Amino acid sequence: MADKQPIVSHIYTADPSAHVFNGKLYIYPSHDRETDIKDNDLGDQYDMNDYHVFSMEEVGGPVTDHGVVLKQDDVPWVSKQLWAPDAATKNGKYYLYFPARDKDGIFRVGVAVGDKPEGPFKPEPDYIKGSFSIDPATFVDDDGEAYLYFGGLWGGQLQCWSKGEFDRDGAEPDKGDALYAKVGKLTDDMTQLASEVKDVVILDEAGKPIQAADHDRRFFEAAWVHKYNGTYYFSYSTGDTHYLCYATGDNPYGPFTYGGRIFEPVIGWTTHHSIAEFKGKWYLFYHDSTLSGGRNHLRCVKIREIVYDSAGKIRLADEQPV
Ligand code: FUB
């Protein structure tokens, strides 16, 4: 089934992280809002200040908006820009992970805890120690171990951390190995990193790290991990070339080998997604800017079905194999 309509049109939504909890599909998106801030490469126009949660019984069926589940004013360490969130469950609790700028303007990842998938969520007083940059994504493996992935270039500040500490003037390299997303195991209570974060290395078909100049394939932002048939899929956005790509590996840390493109550029600058199985079918959750007539910072979440071929390669269900 292909569904190219926004899941909701009463508010702007983006960066959808989808999970199935208790047999229902939940989507944790960014909540875009109007602003007078002009578009720039740091993404200042993405000036969001709260989160809503959505749920549905069927893809294409009615969508419930559970309202505001967390807002900027409730998080003591945040100064602005509540960007792309994700959620996870463990030990009967639900966790909302979110990036935002701290009081020094540095992006960090925070977590808020709730009793139900639809929130509300109570934020921890400080950000997750050792976290930085944007776009947190969680993956809970079959053995119950949970991992936090994060990172995003340019406005997401990943390039500011190349030397291990924050350097406001850090720049994306134009040659050599590309910068990597980060991954760390979460503590059993899901609120801290259990260890130092590692690089999520993406290799090409020849086993060599993807190069910084390879803008069609290098990691930019929007990390997501899912597992299909025992294989770990690390998917991401290439940013300035606007593709959604994936790479596969045999464990949650990688390395991952580049596997191909899932999605071509959408209307709007950013592209950001998640992938989840619901009622026996697999779906790509993504956004574009069609609802606002193409305004980059006013986006809408949509859903498309995906399929895997016999080699595990992903394609959209309604597109012919190439
Ligand atoms: O929504 C703000 C930022 O735009 C996200 O964090 C990025 O992934 C991009 O979609």
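The values are calculated or read from the model by the stated rules, or taken from the named source; none is laboratory data. These numbers were taken from a predicted model, which means no experiment stands behind them. Glycine gets a Cβ as well: all are built from the backbone with ideal geometry, and neighbour counts include every protein chain shown. We work out accessible area using only protein heavy atoms, side chains counted, and drop any ligands, DNA or RNA first. Shrake-Rupley method; radii C 1.70, N 1.55, O 1.52, S 1.80 Å.
Observations, loosely collected:
- Complete set of residues in the stretch 253-268 that are touching a residue at least 40 places away in the same chain (Cβ under 8 Å) and either away from the ligand (no atom under 16 Å from the Cβ) or on the phi > 0 side of the Ramachandran plot (or both): 253, 254, 255, 256, 257, 258, 259, 260
- Only listed residue being out of contact with any Ser or Thr (no Cβ under 9 Å at 6 or more places or on another chain) and at negative phi, chosen from 250, 188: 188
- The stretch 293-314 residues that are more than 26 Å from residue 45 (Cβ to Cβ) and part of a loop (DSSP other than H, G, I, E, B), paired with ones that are open to solvent by less than 30 Å² (accessible area, probe 1.4 Å) and not acidic (Asp, Glu) (beta carbon under 7 Å, 6 or more apart): 313/259; 313/260
- Of the residues making up the stretch 1-29, those that are in contact (Cβ under 8 Å) with a residue 60 or more places away in the chain and either closer than 14 Å to residue 298 by Cα or β-branched (Val, Ile, Thr) (or both) are 6, 7, 8, 9, 12, 13, 14, 15, 16, 20, 27, 29.
- Selection over the stretch 181-215 of residues that are away from the ligand (no atom under 16 Å from the Cβ) and either surrounded by fewer than 14 Cβ atoms within 10 Å (Cβ to Cβ) or under 22 Å from residue 141 (Cα atoms) (or both) gives a count of 24.
- Verdict on residue 221 being of a type in the set (Asp, Glu), in contact (Cβ under 8 Å) with a residue 60 or more places away in the chain, within 16 Å of the ligand (Cβ to nearest atom) and within 30 Å of residue 32 (Cα to Cα): yes
- Each residue in the stretch 16-60 was checked for being in a strand (DSSP E or B), of a type in the set (D, E, K, R) and either more than 13 Å from the ligand (Cβ to nearest atom) or open to solvent by 10 Å² or more (accessible area, probe 1.4 Å) (or both), and 2 of them qualify.
- Residue match in the stretch 284-295 (condition: more than 15 Å from the chain's Cα centre (by Cα) and open to solvent by less than 10 Å² (accessible area, probe 1.4 Å)): yes
- Meets criteria (part of a loop (DSSP other than H, G, I, E, B) and either modelled with pLDDT of 95 or more or within 14 Å of the ligand (Cβ to nearest atom) (or both)) for residue 271: yes
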